[in-house]
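First comes the structure, then the notes that go with it.
Laboratory data are not the source of any read-out in this text; all were calculated from the coordinates shown. Quick caveat: nothing in here was measured; it's all calculated off a predicted structure. We place every Cβ from the backbone using ideal geometry, glycine too, and count neighbours over all the protein chains shown.
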Amino acid sequence: MHANVRSLKDYRPTMTSPNLQPAIGTTLPPGAPKPRLLDQVRQAIRTRHLSPKTEEAYVGWIKRFIFFHNKRHPAEMGEQDIARFLTNLASESHVSASTQNQALNAILFLYREVLRKEIGYVNGVVRAKRPKRLPVVLTRQEVKSIVSLLSGPEWIMGMLLYGAGLRLMECLRLRVKDVDFSRSEILVRSGKGDKDRITMLPAAVNEPLRRHLESVRKQYETDLKSGYSGVALPNALERKYPNAGKEWSWQWVFPASSLYLDRQSGLRKRHHLHESVLQKAVRNAALKAGLSKPASPHTFRHSFATHLLEDGYDIRTIQELLGHRDVSTTMIYTHVLNRGGRGVNSPADRL
């Protein structure tokens with residue numbers, strides 16, 4: 001890297017090199033300034049409609065990779081440099097196997113999709129061990145003890161996570177049109193892997209959720225009178241339907257308590273609740289309930305799957321409700337059943 005470059009944000013790659021063309025799917029107008037490397041990464045990620053979480057993670061790992069090699073440009077490095085970085089993560093930083101794989105995926109994305117440089121097999125990497133962990137599962141009484149200490153929107157969200165098997169962000173990103181009271185269904189849009197699926201709307205949540213949406217609608221109508229610009233829409237829908245963000249059907253089921261100013265458009269919008277709201281509420285409720293298990297919102301999802309298996313439901317049905325790509329992922333819940341991993345009763349119980 002050049003000596004006069006003080007930080008990554010100052011670095012602009014040389015676009016004349018064949019390996020440093022703009023990211024695939026982007027064009028560079030005549031006379032336009034050469035894009036920064038990390039800006040190219042962000043553009044490539046957004047062009048492929050990857051999630052904001054993926055963008056944040058990939059950019060973070062690419063920064064760490066560059067700083068690890070004393071700010072050398074990635075185009076000047078290759079397989080050996082990648083191997084050194086990944087080995088350091090395992091041997092010195094003691095990261096988990098999934099974290100190391102995420103770092104590798106981010107670096108491969110940089111080379112293949114942004115720098116257009118093919119990376120071969122990365123030899124000599126010290127791999128972090130991937131331990132086989134069983135999920136933490138709450139008993140029905142433990143779930144009840146936590147939920148009973150929640151109130152308001154936190155209670156409804158907790159019940160949806162446990163009663164419908166939703167992931168935390170799937171719950172927070174629900175929009176009004178995704179809840180079908182007449183069919184007692186919830187349409188989960190763009191779940192993990194950008195997949196849609198349908199799951200049940202628990203009867204216990206039906207009326208509290210209706211009342212909650214009535215109060216949300218009053219807030220929404222007040223927002224419209226005060227110059228509200230609507231909610232953010234996925235992908236290019238905001239350009240295709242400029243007024244859709246103001247429609248009731250697109251509003252968040254669990255909106256944030258205050259509006260925010262969009263930096264790009266300068267418009268006042270409302271985001272959904274931040275994930276930390278429910279995370280803190282569940283953690284505090286678990287402490288008050290005196291639970292010894294490390295309960296979190298995601299623990300409700302594990303408990304949902306396990307309790308359905310206990311009730312005798314088919315594992316393929318549970319796989320679809322959870323949105324797992326492979327049934328082997330769902331099979332892990334058979335190992336935490338009260339009656340044993342293979343449904344075998346202990347001989348000690350017959351004494």
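Between LEU134 and LEU287, the FRET efficiency from the beta-carbon distance, with R0 = 25 Å, is close to 0.65. Taking 0.36 nm per residue of separation and subtracting the current Cα-Cα distance, fully stretching the chain between GLN80 and GLU247 would add 54.8 nm. Rounded to the nearest 20 debye, the dipole size of region 140-336 about its Cα centre is 600 debye, using +1 on the Cβ of Lys and Arg and -1 on the Cβ of Asp and Glu. Highest mean first, the peptides 116-126, 190-200 sorted by other C-beta atoms within 10 Å per residue fall in the order 190-200, 116-126. Taking every alpha-carbon pair under 8 Å whose residues sit at least 6 apart, the chain reaches a relative contact order of 15 percent. A crude spin-label estimate for the pair SER215 and GLU320, with each label 7 Å from Cα along the Cβ direction, gives 3.5 nm. Beyond 25 Å in Cα-Cα separation lie the following of the pairs LYS34/LYS192; LYS71/LYS117; LYS195/LYS240; LYS192/LYS246: LYS34/LYS192; LYS192/LYS246. Using only Cα atoms and rounding to the nearest 10 degrees, what angle (0 to 90) does helix 152-164 make with the longest principal axis of the chain? The helix 152-164 is inclined about 90 degrees to the chain. Modelled spin-label separation between ALA256 and GLU56, with each label point placed 7 Å from Cα along the Cα-to-Cβ direction: 1.2 nm.
GNM on the chain, alpha-carbon springs under 10 angstrom: the most fluctuating residue among ARG42, ARG133, ARG325 is ARG133.
Protection proxy ranking for 84-92, 177-185, using the average of other Cβ atoms within 10 Å per residue and placing the highest first: 84-92, 177-185.
In the chain, the calculated helix contribution to ellipticity at 222 nm averages -13000 deg cm²/dmol per residue, counting -39,500 (n - 2.57) for every DSSP H run with n ≥ 4.
The fewest-to-most ranking of TRP155, TRP248 by surrounding Cβ atoms within 10 Å reads TRP248, TRP155. Which of rounded, prolate or oblate describes the chain when judged by the alpha-carbon gyration tensor and an a/c cut-off of 1.5? Oblate, since a/c reaches 1.5 and b/c is not below a/b. Principal-axis analysis of the Cα atoms of the chain puts helix 37-47 at an angle of about 50° to the longest axis.
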